[in-house]
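The values are calculated or read from the model by the stated rules, or taken from the named source; none is laboratory data. Predicted, not measured: the structure shown is a model, and the values here were computed from it. Note that each Cβ is placed from the backbone with ideal geometry, even for glycine, and that neighbours are counted across all protein chains shown. Side chains are part of the model used for accessible areas, which takes the heavy atoms of the whole protein and leaves out ligands, DNA and RNA. Shrake-Rupley method; radii C 1.70, N 1.55, O 1.52, S 1.80 Å.
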Amino acid sequence: MTDKLKSAPVAYQNDIFLDSPDGRILRILAEYQEPLARFRREQIQDTVVFFGSARFHGNEAAAANLATIKKNVAGTAAAQMEKDMKRAQAGVDMARYYEDARKLAHMLTKWSIQIPARRHRFVVTTGGGPGIMEAANLGAQEAGGKTIGLNIHLPFEQDPNPYITPSLNFEFHYFFMRKFWFAYLAKALVIFPGGFGTMDELFEIMTLAQTEKLAKKIFVVIYGSEYWNTVVNFQAMADAGVISPQDLDLFKIVDSPEEGFEFLKENLTKYHLVPRQPKQAGEAAAPEIAKTRP
């Protein structure tokens, strides 16, 4: 008599299949449906997304790093010391952006949590890591609001910062699904000085707006004219004819948290706080998260 054959795992519990190329479509769908379910459960209607360098620190941390390097002068080669000092001094100079992101996120959240609505409006959202992302999540938390982190699994670990609302702490494998969730719920984008990733997000959103692939009015705030006017010459692009002059209206450059907040408050109120039309007969009562074109 032969032994009874052991039951095979059902498909949705078959880790070998789920981790295989054939299971990729299910993994992609999971990175759409699971965040959607959580956003609905947490009553998130829309967001304001902050981008910027992951390498910036606050004033105290940047100053402490510079002081540590200065103490190690004797044990460091001259050429390396010069590089370390230059990098540490740049960190001190750029720390103001960390503090400004924290303040702007605090101002925005303090205002948004007072909006009379059934769902949370204009929730501060970041990529979930350190630097500007940490600063924005921290400012929103200090204001008493929910705040979202959309982290990404990388070969070099990027741990979620501790200021994200735990129930809104996400981890993605696919960059494009993470990008989808940045764009889908966003009513505004705030771009602080940053590198390749920051520029990627900036130009991707502006391209979607330029080509009218968004059904909503989305505002792009570029923070820090000193940095951005050095790094990108937007006017030269218009003068060369590679963008239209009116494309320069897709964003606004600001230089203080107060200026950024007033611009966001005015336009979010004007375009996204108008009374919603009554529901049609038979219309589903699901949370009203972001609307997009069909």
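Picking from I25, I69, which residue would you name as being β-branched (V, I, T), open to solvent by less than 60 Å² (accessible area, probe 1.4 Å) and within 33 Å of the chain's Cα centre (by Cα)?
Values: I25 fails: open to solvent by less than 60 Å² (accessible area, probe 1.4 Å).
Being β-branched (V, I, T), open to solvent by less than 60 Å² (accessible area, probe 1.4 Å) and within 33 Å of the chain's Cα centre (by Cα) holds for just one of I25, I69, which is I69.
Residue count for the stretch 168-202 satisfying the condition of being among the hydroxyl-bearing types (S, T, Y) and within 21 Å of L138 (Cβ to Cβ): 1.
Just give me the residues in the stretch 108-122 being of a type in the set (A, V, I, L, M), open to solvent by 10 Å² or more (accessible area, probe 1.4 Å) and in contact with a Lys or Arg (Cβ under 9 Å, 6 or more places away or on another chain), in sequence order. Break it down stepwise before answering.
Looking only at the stretch 108-122, we keep the residues that are of a type in the set (A, V, I, L, M), and these are 108, 113, 115, 117.
Okay, now just the ones that are also open to solvent by 10 Å² or more (accessible area, probe 1.4 Å), so 113, 115, 117.
Scanning the stretch 108-122 gives I113, I115.
K6 meets all of the listed conditions (1) open to solvent by 40 Å² or more (accessible area, probe 1.4 Å); (2) touching a residue at least 40 places away in the same chain (Cβ under 8 Å); (3) more than 19 Å from E171 (Cα to Cα) but one, namely (2). Among the residues of the stretch 86-93, are any assigned to a loop (DSSP other than H, G, I, E, B) and acidic (D, E)? Scanning the stretch 86-93, I find no residue that is assigned to a loop (DSSP other than H, G, I, E, B) and acidic (D, E), so the answer is no.
Being more than 28 Å from E262 (Cβ to Cβ), among the aliphatic types (A, V, I, L, M), touching a residue at least 24 places away in the same chain (Cβ under 8 Å) and surrounded by 12 or more Cβ atoms within 10 Å (Cβ to Cβ) narrows it down to one residue among A95, A105, A101, A61; which is it? Let's see the steps before the verdict.
Working: A95 fails: more than 28 Å from E262 (Cβ to Cβ); A105 fails: more than 28 Å from E262 (Cβ to Cβ); A101 fails: more than 28 Å from E262 (Cβ to Cβ).
Matching residue, one of A95, A105, A101, A61: A61.
With respect to D19, determine if the residue is among the acidic types (D, E), touching a helix residue (DSSP H, G or I) at 6+ places or on another chain (Cβ under 9 Å), touching a residue at least 40 places away in the same chain (Cβ under 8 Å) and surrounded by 10 or more Cβ atoms within 10 Å (Cβ to Cβ). In short, no.
Sort out which residues of the stretch 249-262 are open to solvent by less than 40 Å² (accessible area, probe 1.4 Å) and either in contact with a Leu (Cβ under 7 Å, 6 or more places away or on another chain) or farther than 20 Å from R96 by Cα (or both), and write them in order of number. Of everything in the stretch 249-262, those that are open to solvent by less than 40 Å² (accessible area, probe 1.4 Å) and either in contact with a Leu (Cβ under 7 Å, 6 or more places away or on another chain) or farther than 20 Å from R96 by Cα (or both) turn out to be F251, P257, G260, F261.
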